[in-house]
1. Taking the Cβ of Met34 as the center, what net charge do the other residues with Cβ under 14 Å away carry, scoring Lys and Arg +1 and Asp and Glu -1?
2. Return the FRET efficiency for the residue pair Ala74, Gln44: r is the Cβ-Cβ distance, R0 is 41 Å, and the value is rounded to the nearest 0.05.
3. For every other residue with a beta carbon closer than 12 angstrom to the beta carbon of Ser79, add +1 if it is Lys or Arg and -1 if Asp or Glu, then tell me the sum.
4. Averaged per residue, what accessible surface does the chain expose to a 1.4 Å probe, in Å²?
5. Heavy atoms only, probe 1.4 angstrom, no DNA, RNA or ligands counted: give me Ser79, Ser25 ranked by accessible area, highest first.
6. Can you compute the FRET efficiency between Ser62 and Ser17 using 1/(1 + (r/R0)^6), with r the Cβ-Cβ distance and R0 = 25 Å? Round to the nearest 0.05.
7. For the chain, what are the per-bin percents of Cα-Cα distances with bins 5 Å wide, up to the bin holding the maximum?
8. Return the inverse of the average 1/r over all pairs of distinct C-alpha atoms in region 57-115, which is the Kirkwood hydrodynamic radius, in Å to one decimal.
Amino acid sequence: QVQLVESGGGLVQAGGSLRLSCAASGTIFRLNTMGWYRQTPGEQRELVATITPGGSTNYAYSVMGRFTISRDNAKNTVSLQMNSLKPEDTAVYYCYSRYVSSDAWGQGTQVTVAS
(Lines give C-alpha, C1' and ligand atoms only; values in the text may rest on other atoms or scores of the structure.)
Protein backbone atom coordinates (compact mmCIF):
# COMPACT_ATOMS: atom_id res chain seq x y z
CA GLN A 1 0.00 0.00 0.00
CA VAL A 2 1.38 3.36 -1.02
CA GLN A 3 1.90 5.88 1.75
CA LEU A 4 2.67 9.54 1.11
CA VAL A 5 3.62 11.85 3.97
CA GLU A 6 3.90 15.59 3.38
CA SER A 7 5.86 18.09 5.43
CA GLY A 8 6.95 21.70 5.20
CA GLY A 9 3.70 23.65 5.21
CA GLY A 10 3.12 26.68 7.38
CA LEU A 11 2.50 30.39 7.52
CA VAL A 12 4.56 32.78 5.41
CA GLN A 13 4.33 36.43 4.38
CA ALA A 14 3.54 37.31 0.79
CA GLY A 15 6.71 37.26 -1.28
CA GLY A 16 8.26 34.62 0.92
CA SER A 17 9.22 31.01 0.24
CA LEU A 18 8.34 27.56 1.49
CA ARG A 19 9.54 24.10 0.55
CA LEU A 20 7.17 21.15 0.72
CA SER A 21 8.44 17.59 0.83
CA CYS A 22 6.70 14.27 0.40
CA ALA A 23 8.13 10.94 1.46
CA ALA A 24 6.78 7.88 -0.32
CA SER A 25 6.77 4.26 0.75
CA GLY A 26 5.16 1.04 -0.39
CA THR A 27 5.85 1.62 -4.06
CA ILE A 28 8.61 1.50 -6.65
CA PHE A 29 9.07 5.24 -6.42
CA ARG A 30 11.20 5.72 -9.50
CA LEU A 31 8.38 4.35 -11.67
CA ASN A 32 5.75 6.73 -10.31
CA THR A 33 4.59 10.02 -11.71
CA MET A 34 4.57 12.33 -8.70
CA GLY A 35 2.82 15.61 -8.19
CA TRP A 36 1.35 18.28 -6.00
CA TYR A 37 -2.26 19.41 -5.95
CA ARG A 38 -3.95 22.02 -3.81
CA GLN A 39 -7.43 22.68 -2.55
CA THR A 40 -9.23 25.57 -0.88
CA PRO A 41 -12.59 25.29 0.93
CA GLY A 42 -15.48 24.91 -1.46
CA GLU A 43 -13.22 24.46 -4.48
CA GLN A 44 -12.10 21.46 -6.48
CA ARG A 45 -8.62 20.11 -5.99
CA GLU A 46 -6.36 21.57 -8.66
CA LEU A 47 -3.07 20.50 -10.15
CA VAL A 48 -0.02 22.49 -9.11
CA ALA A 49 2.84 20.50 -10.65
CA THR A 50 3.78 17.01 -11.75
CA ILE A 51 7.02 15.21 -12.54
CA THR A 52 7.31 12.00 -14.52
CA PRO A 53 9.69 9.11 -13.86
CA GLY A 54 11.92 10.58 -16.55
CA GLY A 55 11.96 14.01 -14.92
CA SER A 56 9.61 15.88 -17.25
CA THR A 57 7.67 18.54 -15.40
CA ASN A 58 4.31 20.22 -15.84
CA TYR A 59 3.03 23.27 -13.97
CA ALA A 60 -0.21 25.11 -13.53
CA TYR A 61 -0.03 28.43 -15.32
CA SER A 62 -0.59 30.28 -12.04
CA VAL A 63 2.63 28.94 -10.51
CA MET A 64 4.95 28.90 -13.54
CA GLY A 65 8.21 30.63 -12.82
CA ARG A 66 7.58 30.64 -9.06
CA PHE A 67 7.31 26.96 -8.10
CA THR A 68 9.73 24.15 -8.88
CA ILE A 69 9.01 20.45 -8.49
CA SER A 70 11.85 17.97 -8.09
CA ARG A 71 12.34 14.35 -7.11
CA ASP A 72 15.04 12.31 -5.44
CA ASN A 73 14.66 8.68 -6.42
CA ALA A 74 17.37 7.60 -3.99
CA LYS A 75 15.40 9.03 -1.07
CA ASN A 76 11.89 8.35 -2.42
CA THR A 77 10.96 11.98 -2.04
CA VAL A 78 9.36 14.67 -4.14
CA SER A 79 9.65 18.35 -3.26
CA LEU A 80 7.96 21.57 -4.21
CA GLN A 81 9.97 24.77 -3.85
CA MET A 82 7.57 27.68 -3.69
CA ASN A 83 8.94 31.19 -4.14
CA SER A 84 7.30 34.60 -4.46
CA LEU A 85 4.26 33.27 -2.65
CA LYS A 86 0.97 35.11 -3.00
CA PRO A 87 -2.11 35.10 -0.74
CA GLU A 88 -3.95 33.20 -3.49
CA ASP A 89 -1.50 30.31 -3.01
CA THR A 90 -3.11 29.67 0.38
CA ALA A 91 -4.49 26.12 0.33
CA VAL A 92 -4.04 22.60 1.58
CA TYR A 93 -1.35 21.02 -0.58
CA TYR A 94 -1.53 17.30 -1.34
CA CYS A 95 1.19 15.00 -2.56
CA TYR A 96 0.10 12.65 -5.34
CA SER A 97 1.50 9.56 -6.97
CA ARG A 98 0.43 7.51 -9.95
CA TYR A 99 1.70 4.11 -11.05
CA VAL A 100 -0.11 2.68 -14.09
CA SER A 101 -3.75 3.34 -13.10
CA SER A 102 -3.27 3.44 -9.33
CA ASP A 103 -3.41 6.82 -7.61
CA ALA A 104 -2.45 7.66 -4.05
CA TRP A 105 -2.73 10.84 -2.00
CA GLY A 106 -1.09 12.22 1.08
CA GLN A 107 -3.01 13.66 4.00
CA GLY A 108 -2.28 17.25 3.00
CA THR A 109 -0.33 20.11 4.51
CA GLN A 110 -1.64 23.62 5.04
CA VAL A 111 0.09 26.55 3.37
CA THR A 112 -1.08 30.01 4.43
CA VAL A 113 0.28 33.14 2.78
CA ALA A 114 -0.44 36.34 4.68
CA SER A 115 -0.79 39.63 2.81
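1. On the way: positive: Arg30, Arg71, Lys75, Arg98; negative: Glu6, Asp72, Asp103.
Within the 14 Å Cβ shell, the charges total +1.
2. Details: r = 34 Å, r/R0 = 0.83.
E(calc), rounded to 0.05, equals 0.75.
3. Numbers: positive: Arg19, Arg71, Lys75; negative: Glu6, Asp72.
Summing Lys and Arg as +1 and Asp and Glu as -1 gives +1.
4. Details: 6070 Å² over 115 residues.
Using a 1.4 Å probe on heavy atoms only, each residue of the chain averages 53 Å².
5. Values: Ser79 15, Ser25 50 Å².
Result, largest first: Ser25, Ser79.
6. Numbers: r = 17 Å, r/R0 = 0.66.
It comes out at approximately 0.90.
7. 2, 13, 25, 26, 19, 10, 5, 1, 0
8. Details: mean 1/r = 0.0765 Å⁻¹.
It works out to 13.1 Å.
The values are calculated or read from the model by the stated rules, or taken from the named source; none is laboratory data. As the structure is a prediction and not an experimental result, all values here were calculated from the model. Ideal geometry is used to build each Cβ from the backbone, glycine not excepted, and the neighbour counts take in all protein chains shown. Just so you know, the surface numbers come from the protein's heavy atoms only, side chains and all, with ligands and any DNA or RNA stripped out. Shrake-Rupley method; radii C 1.70, N 1.55, O 1.52, S 1.80 Å.
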